[in-house]
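Report on the structure given below.
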Amino acid sequence: MKRLRQLIPRSLIGRMLTVMVLGVLLAQVVSYTVWVQQIDTDKEQVAERMAQELAQSVASTVTFFKALPSDYRHIVLSQLRNMGGTRFFVSLNKELIQVEDIEASELKTIVLNTFERGLRKRLGNEVDIRLSFSHPDTLRVYNNQTRLLDLPPRWSQQSLIYDLQSPPILVAQIDMGEGEWFYLAALLPKPDLLLKTEYLPTERLLFLSFLLIILLIIGAIIVRWLTRPLAQLATAAERLGKEIDSQPLTEQGPLEVQASARAFNRMQQRIQRFIEDRERLFSAISHDLKTPITRLRLRAEMLNKEHNRDKFRQDLEELERMVAGALECARGTDLHEKVQAIDIMALLESLQDDATVLGHSVAIKGTANSTFPGRPMALKRCLSNLLDNALFYGREAEIEVNDSAEQLQIAVRDRGPGIPDASINKVFDPYFRLETSRSRNTGGTGLGLGIARNIAHGHGGELELKNRVSGGLEVLLSLPRN
């Protein structure tokens, strides 16, 4: 079952073409079966009718010969030959001739049975009748030693059965009494009746193959035309994940595709409104909280006890840092920049220079094959957060760039303590910090990695963390090229 599923095409075009081809083949098989059955039925009816007509003629001939005196039978037989007939060979023999019968078939049985019934109806059931079919090259006449093909041309030309490609010949031998047998070798009125029919000739196969090729070509054009709006919908969905302000889809194509495009455009509008509402909400929070925080700071300065004043000031700083962090997180996930071609190596080198000024060591390995289409400020923020995190815990960092036609990978490694396996996924949660200190200078706000991952997702990429075997942490940023 699994292998059968693997044979099924995965694309919509492939599946529709497969259904079309299978439909045509099924229709051909059904029509071919009906056609063959009809041909076989017609053949059986023709065989039965010809056998009845031939039986009447042979019975009349036998009756006529029986009514003649024995001495006159050969004279009449000679005159019958001289009249020139091309379907019969008639003789009166002194012995029963052995016939090498042809292979059995349903039509052969129908002809022989019908022919025998017709003879016995006229001649009676007591008459000894021997019926069979013979191949032309083995047909014997007069006696068991003489073949028809061995007769002089003047005789064989009267029979039309000297050709080796001729169809089977009906042989009837009827006992005339007094040791004499009436011998009749006859071609059927429809000579090719018993020949094996080629129901699927080469011409028919070629025609069917040509029909399938034409069907595949026309079907591929039609299916591609019908599925093009779906491909555009998939492209728009991929683009929407990277650029929320992308152009809406054109609502065209079949009604179902138009409905899908219309629903997609409405979804994009709702997402845009949601982001705008969120931006206004955070702006309002920032504005509303700054004023009371400022008032609280002023009142804290008016406290008499220095100890209480310091505690109160620390709480206010923590509150202000959390508000700033929330706003920073909102700005970090805001990807309203226009997509531009970014020189990744130049961007990494600028971050390396900034770190060097602050006394940190940053090494860069590898290179990008070409520019990357992205949002410069957002991507710089992502890489800056990763590098700052590596320098904070590892004091020095190493950046390695691996570029291919499919994706661009940037690995940021440090030699710090790493992250416990149980906390690998938790570090992306807002305000989660492995360092429990409340000091901003030691623990940070716990938003850097979350912001970096959101930016990676906004570019269609992924951010992965893993501990290095030699110690430290590796953060792998993977960005798709397509």
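We did not get these values from a lab; they are worked out from the coordinates using the rules stated. Small disclaimer: the values here were computed from a predicted structure and weren't measured. Virtual Cβ from ideal backbone geometry, glycine too; neighbours counted across all protein chains shown.
Numerical summary
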{"read-out": "Under-5 Å amide H pairs with Leu139, H placed in peptide plane, nonlocal only", "value": "Leu148"}
{"read-out": "R0 of 41 Å, Cβ-Cβ distance Ser470-Val357: FRET efficiency to nearest 0.05", "value": "0.90"}
{"read-out": "Distant-in-sequence amide H partners of Ile364 (H built 1.01 Å from N, under 5 Å)", "value": "Ile399"}
{"read-out": "Whole-Å distance, taken between Cα centres, linking region 103-117 and region 202-241", "value": "53"}
{"read-out": "Cross-link pairs Lys66/Lys94; Lys43/Lys66; Lys338/Lys426; Lys66/Lys121; Lys121/Lys190; Lys338/Lys365 - those with Cα-Cα distance over 27 Å", "value": "Lys43/Lys66; Lys338/Lys426; Lys338/Lys365"}
